[in-house]
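Derivation of every value follows stated rules applied to the coordinates shown; laboratory data play no part. Remember, predicted model here, so these are calculated numbers, not experimental data. Reconstructed Cβ throughout: ideal geometry from the backbone, glycine too, with neighbour counts over all protein chains shown.
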Amino acid sequence: MNALTAATNPTTRAARSQRLSQVTRAPHETLDALVKAKAAFDTLQGFGRFLSAQYLFQAELAPFYNDERLTALFPGLPRRCRADQALADLSDLGMRPPVAVPGAPADLTVAEALGWIFVSEGSKLGAAFLYKRAEALGLCAEKGARHLAEPEGGRAAGWKAFVKTLDALSLSEAEERLADAGALAAFTRFTVLLQAAYADAQA
């Protein structure tokens, strides 16, 4: 695939992140309902299972956050990954890293990886609410809830910077569809990881 470049069409720039949000609206709502159904933030034990899924998801995405094809497009992209933070949170709760679940993403095109990272970065906005729930369990940015805490520079500013770069990339129609597929696959994958984390617990 050719290197992506900055787009010059304002309509294209404005449409991509909005389209990805629309494409993933239904699975996003379904996942939110699943997290609620699992009572993920009612107890520390429940939160620990949620954290296990979060860690696996971020660990699976770490190679793409550090992919030189993507870091060339997004300055500071490796610093956005939350795998290390989630791992530290597990340690705070006295938990070991969970066993990997088969089906991790691999050999993604740049366009597909953009969709996955879009979902991961977008989740930082919703994490503001989850962080407050975690605080009610006695957790904070220094203990147990690092991966949900406000990123350096702020949630809104970080998201706007990411979206500005994402929307300025020039993609072919085929690549746009791959980005959509990547975003949908990311939601499917996190759902799989979440279900696995609660597999031996009562719903």
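Some notes on this structure:
- Using the average count of surrounding beta-carbon atoms within 10 Å as a protection proxy, the listed peptides 176-184, 23-31 rank, highest first, as 176-184, 23-31.
- Sorted fewest first by neighbouring Cβ atoms within 10 angstrom, Asp107, Asp89 come out as Asp107, Asp89.
- Phi to ³J(HN,Hα) by Karplus 6.51 cos²θ - 1.76 cosθ + 1.60 over segment 47-55, Hz, x for Gly, Pro: 5, x, 5, 4, 4, 4, 5, 4, 4
- The aspartates and glutamates within cross-link reach of Lys132, meaning a Cα-to-Cα straight distance under 15 Å and a gap of 8 or more places when in the same chain, are Asp42, Glu142, Glu150.
- In terms of the mean number of neighbouring beta-carbon atoms within 10 Å, the peptides 141-151, 157-167 order highest first as 141-151, 157-167.
- Anchor Lys143: aspartates and glutamates whose Cα lies under 14 Å away (excluding residues fewer than 8 positions away in-chain): Asp84, Asp89, Asp92, Glu135
- Likely footprinting exposure, Val35, Val192, fewest C-beta neighbours within 10 Å first: Val192, Val35
- Checking the cross-link pairs Lys36/Lys164; Lys124/Lys164; Lys38/Lys124; Lys38/Lys160 against a 28 Å limit on the alpha carbon distance flags Lys36/Lys164; Lys38/Lys160 as lying beyond it.
- Rounded to the nearest 20 debye, dipole of the chain from Cβ charges on Lys, Arg, Asp, Glu: 400
- Between Gly144 and Asp92, the built amide H atoms are under 5 Å apart, and every one of these is 5 or more places off in sequence or on another chain.
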